[in-house]
1. For Gln481, state whether it is under 30 Å from Lys35 (Cβ atoms), crowded, with 18+ Cβ neighbours inside 10 Å and modelled with pLDDT of 95 or more.
2. Among the helices (runs of 4 or more DSSP H) contained in segment 235-332, which hold 3 or more residues that are touching a helix residue (DSSP H, G or I) at 6+ places or on another chain (Cβ under 8 Å) and more than 17 Å from Phe163 (Cα to Cα)?
3. Take the residues in segment 44-55 that are over 15 Å from Val6 (Cβ atoms) and more than 8 Å from the ligand (Cβ to nearest atom); name whichever of them is surrounded by the fewest Cβ atoms within 10 Å (Cβ to Cβ).
4. Kindly provide the set of residues from segment 618-634 that are more than 25 Å from Glu406 (Cβ to Cβ) and without any contact (Cβ under 8 Å) to a residue 40 or more places away in the chain, ordered by number.
5. Pairs only if they're at least six apart or on different chains, beta carbon under 8 angstrom, first in segment 25-47 and closer than 16 Å to Ile176 by Cβ and assigned to a strand (DSSP E or B), second within 11 Å of the ligand (Cβ to nearest atom) and among the hydrophobic types (A, V, I, L, M, F, W, C); list them, first residue then second.
6. Of a type in the set (A, V, I, L, M) and either touching a strand residue (DSSP E or B) at 6+ places or on another chain (Cβ under 6 Å) or surrounded by fewer than 24 Cβ atoms within 10 Å (Cβ to Cβ) (or both): does that describe Val162?
7. Can you give me the number of residues within segment 395-437 that are crowded, with 23+ Cβ neighbours inside 10 Å, more than 15 Å from Ile99 (Cα to Cα) and at pLDDT 95 or above?
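The values are calculated or read from the model by the stated rules, or taken from the named source; none is laboratory data. Quantities reported herein were computed from a predicted structural model and do not represent experimental measurements. Cβ coordinates were reconstructed from backbone atoms using ideal geometry, including for glycine residues, and neighbour counts include every protein chain displayed.
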Amino acid sequence: MNLEYVPTICPYCGCGCGIYLVVKDGRIIGLEPWKEHPINEGKVCIKGNRTHEFINSEDRLRKPLIKEKAKFKETSWDEAIKTIAGKFKSYSPDEIGVISSAKCTNEENYLMQKFARAVLKTPNIDHCARLCHASTVVGLGQTFGAGAMTNSISDIEESKCVFIIGSNTIEQHPLIARRVIRAKAKGAKVIVADPRYTPTAKQADLYLQFYSGTDIALMNGMMQVILKKGLEDKEFIKSRTKDFDKLKEEVMKDRYSLETVSKLTGVVGEDIEKAAVWIAESEATALIYSMGITQHTVGTENVMTIANLQMLTGNVGRAGTGVNPLRGQNNVQGACDVGALAELYPGYRRVTDEAARKRLEEVWGIDIAGGKIGLTVTEMMDVLAGKMDGNLKALYIMGENPMLSEPDLKEVEKGLRKLDFLVVQDIFMTETAELANVVLPASCWAEKDGTFTNTSRRVQRVRKAVQPPGEAREDWRIICQIAEAMGYREQFSYESAEAIFDEIAKVTPQYGGMNYERLEAAEGLQWPCPTADHPGTKWLYSEKFSTDDGLGHFKPTEYNPPAEVPDSEYPLILTTGRQYFHWHTGTMTRRSKTLDSEVKTGYVEINEEDAEEFGIRDREFVYVSTRRGTIKAMAKVTRDIMKGEIFLPFHFSEAAANVLTNNALDPLAKIPEFKVCAAKIEKG
Ligand code: SF4
């Protein structure tokens, strides 16, 4: 049999596992794990193992579609591009917004932000990091000077203590969890804090079941214990940080005494104390977190609290330590790195930084929208819903599905329907694409060259294994074609993804020493890699932080309750998240026969005592309601969720969790509070 094995990277989570796509007669028929790959060492999880199944779906988009009289009809690429260019030219910069995609390559995200800023001249460019880790970018930016995982995945197994908070690592980042299990096998203590007794929590030596939204109280309480016992790392605090006095003043307040924190969080005082001592006394503690920390109105403050705890105990800048945010999507780190964010240019330079704007204009040879922070994804939806001032009339969305991923979906739908012009570029007819005026068929990750950057800053090559179906095209080529039709041929005349990457390296200092040749040879490089002879960086901040003064900045945080708390009408806390077999809005995993057959539809987890109180039996259909709407879902009665909380996975359009979620935003990072709102549950 004539088989070809194409090395590439899994398109699902931020672990960035290496796989070989198996190609026969121009069709992908399976995959093999990449045995020598530095992240996964020949292993993949169930999602990774089934990545190829959605690629050959019959319902892939194959031709451009244009809507006429409320119905789509097929059209030519020339006609579609001409229509889009003509419409885009008719809007002023403030009237148009662009949503990029963490599923697409670095090259495509870079081009999308260049297109927004240089062709449309709009500052309104953003992507779904706003919904998952915007608070990491802001919170770690303010404390450490850069918003990224400080350590490496392989490094975690060198830890002597691993503290996991707000991350179900075993189900959501399985090949990172493997390193935690290895650390445990070598004697490390594992602490897991989560309202749900997840498979990750079941591996813990110490499990802290706490109420959603009380993270700051819990960690400030731990820091008070550490200070009272004199377990802080005095040398690290003195030589590497500033504003320790301010932190001390906050965390030593009575409100963070063990007794008070225990009442607020629901965790017994002895366990809080034990966790604090383990973290402080271990030679190397790694802290791992994910969206349980970030998706709150205090998401940025949660992240700062984590940074405070790790600096207080000197757990930064060494192997086995660090602050390790686990990025959800395959390339959410890269999409942030290359500037697909409303407030940041490539390389995390503020859009208000004049010198940064001038540098981009010099390289691009075009005047760009500068000096103004654009609308975030969440703000675009607020403007469309009439909750915020603004004049948005058109949106260009690449590889995103806000009709499932945004909070308060009924308002999102109303807003999107009000748009004068919507272009969606995707591989399937998503719920959002259904509302578009023009739908452009794009290629999936296996049908293009490029790079993804994993959660530990590792930039890796993605390789084209097959041709896209029908007339579908690579996203980067589509962006270039629209730019050309709008008069910017010269500035968007790339012949390959590699040519785009070379330009990224010119304007993104962290990527400055990278090129495709080096990435191929080294199986990826971890940024910062500023020069051609730099080997990349395994862990950050071994000598100084990325702040202006090189010091880590303590940022004291105060516990405040979530935007919505339970009351007599809505007595439960609703929290949402992912499910092992599915991925985000389910666009890809629900088209995989294997994954879909494991979990076919949504469900709501409820504690068995609550179920008894509400008269609800396992597997019966119930109505779940919040102030924003009601959905119907099957009840899953379990001991594994805390009494008073319910959990909904957010992948399923027929039981869409985000009909219910609250779009209250973190004022700093503009991330919505997906993780907490008040809810009620009733028999169906
Ligand atoms: Fe893919 Fe993540 Fe699974 Fe690795 S752990 S195979 S990157 S889904």
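1. Working: under 30 Å from Lys35 (Cβ atoms): no; crowded, with 18+ Cβ neighbours inside 10 Å: yes; modelled with pLDDT of 95 or more: yes.
No; evaluated as a whole, the condition is false for this residue.
2. Working: elements: 244-251, 258-265, 269-281, 291-294, 299-312.
Helices (runs of 4 or more DSSP H) meeting the threshold: 244-251, 258-265, 299-312.
3. Going through the qualifying residues, I end up with Glu53.
4. So the first thing to find is which residues in segment 618-634 are more than 25 Å from Glu406 (Cβ to Cβ), and the list is 618-621.
Selection gives Asp618, Arg619.
5. Taking only residues 6 or more apart or on different chains, the pairs are Pro33/Cys17; Pro33/Ile19; Pro33/Val44.
6. When the stated conditions are applied, Val162 passes them.
7. Result for segment 395-437: 1.
Conditions (1) outside any helix (DSSP H, G or I); (2) farther than 16 Å from Val439 by Cβ, marked per residue:
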position: Leu61; (1), (2): yes, no
position: Ala80; (1), (2): no, no
position: Ile84; (1), (2): no, no
position: Glu107; (1), (2): no, yes
position: Thr122; (1), (2): yes, yes
